[in-house]
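The values are calculated or read from the model by the stated rules, or taken from the named source; none is laboratory data. Bear in mind the structure is a predicted one, so any value in this text is a computation, not a measurement. We place every Cβ from the backbone using ideal geometry, glycine too, and count neighbours over all the protein chains shown. Heavy atoms of the whole protein, side chains included, go into the accessibility calculation; ligands, DNA and RNA do not. Shrake-Rupley method; radii C 1.70, N 1.55, O 1.52, S 1.80 Å.
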Amino acid sequence: MSLSSPAARLRNMLVNRVGKKIVAVGRNYKEHAAEMGDFSKQEAPLIFIKPTTSYVTAPGPILIPKYMKCHYEVELGVVISKTVTDVDPELAMDSVAGYLCAIDVTARNVQQVAKDKGLPWTVSKGCDTFTPISDLIPKSKVPDEQILFGQGLELYLKVNGEEKQRDFTSNMIWPIPQLISYISSVITLQEGDVILT
């Protein structure tokens, strides 16, 4: 990845200087929700915040503390283009600047201890380098219809050449417009913020 490319410069501007938060959505893909033992659609999306210090771009490595046992999930990152509060789902896609391919790294052993104690998952999800991201893909390159209808976008993850995950955006329990609408109803979204679907 060339850090001098226009997409990389825009991504760096959005993420490094403007974006204030990463809002991640848990258990939003049907297969993963079933893996986690919870396939039923909840009343609202399960959201959590990751710090922007968890971003890492290629060729930077993912740094894993020795005591952590990590799991990786490929995510479509939705980059927000403007400030939105309580936006209607029908208008939500107007607030999208583009997309990132991202990985949500989780220290499952740390997360399980936190869950068992009823504590937040912040340490298990928010370590430095626990959110690798690609260059920004401008919205003009990915029409709404491609993401929202039919099979959707295909997302897959390989670790050292071995496929670990493959899914389609059509398998989201909460589609992007509903996510933006719900999140913006409780947390104002700002330019450069990223939603991990």
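Annotations
- The GNM of the chain, with springs linking C-alpha atoms under 10 angstrom apart, assigns the highest mean-square fluctuation among Q151, Q178, Q111 to Q151.
- Largest GNM mean-square fluctuation across K139, K20, K115, computed for the chain with C-alpha springs under 10 Å, falls on K115.
- Simple spin-label estimate for E154 and K141 in nanometres, 7 Å along Cα-Cβ: 1.8 nm
- Size descriptors for the chain (Cα atoms only): Rg and Dmax, in that order, 16.0, 46 Å.
- Per-pair calculated FRET efficiency, R0 = 22 Å: R166 and L63 via Cβ, rounded to 0.05: 0.25
- S140 contributes about 110 Å² of solvent-accessible surface, heavy atoms of the protein only, 1.4 Å probe.
- Whichever aspartates and glutamates have a C-alpha closer than 19 Å to that of K30, once near sequence neighbours (fewer than 8 apart) are set aside: D38, E43, E73, E75, D104, E154, E163, D167
- From its DSSP helices (H runs of at least four residues, each -39,500 (n - 2.57)), the chain gives a residue-normalised ellipticity at 222 nm of -5500 deg cm²/dmol.
- For region 178-183, backbone phi angles converted through the Karplus equation (6.51, -1.76, 1.60; θ = phi - 60°) give residue-by-residue couplings of 5, 5, 4, 4, 5, 4 Hz, Gly and Pro being listed as x.
- When the Cα positions of N171, W121, S134 are compared along the charge dipole of region 54-197, W121 comes out farthest toward the positive end, with charges on each C-beta of Lys, Arg, Asp and Glu.
- When only the Cβ of Lys, Arg, Asp and Glu is charged (+1, +1, -1, -1), the dipole of the chain relative to its Cα centre reaches about 740 debye.
- Rounded to the nearest 10 square angstrom, E73 shows an accessible area of 20 square angstrom against a 1.4 Å probe.
- Computed with a 1.4 Å probe on the full set of protein chains, the accessible area for F149 sits at about 130 Å².
- Rounded to whole Hz, the Karplus (6.51, -1.76, 1.60) HN-Hα couplings of region 99-105, x for glycine and proline: 9, 10, 8, 9, 10, 9, 8
- Within the accessible area of the chain (1.4 Å probe), percent carbon and sulfur: 54 percent
- Heavy-atom accessible area per residue - the chain, 1.4 Å, Å²: 51 Å²
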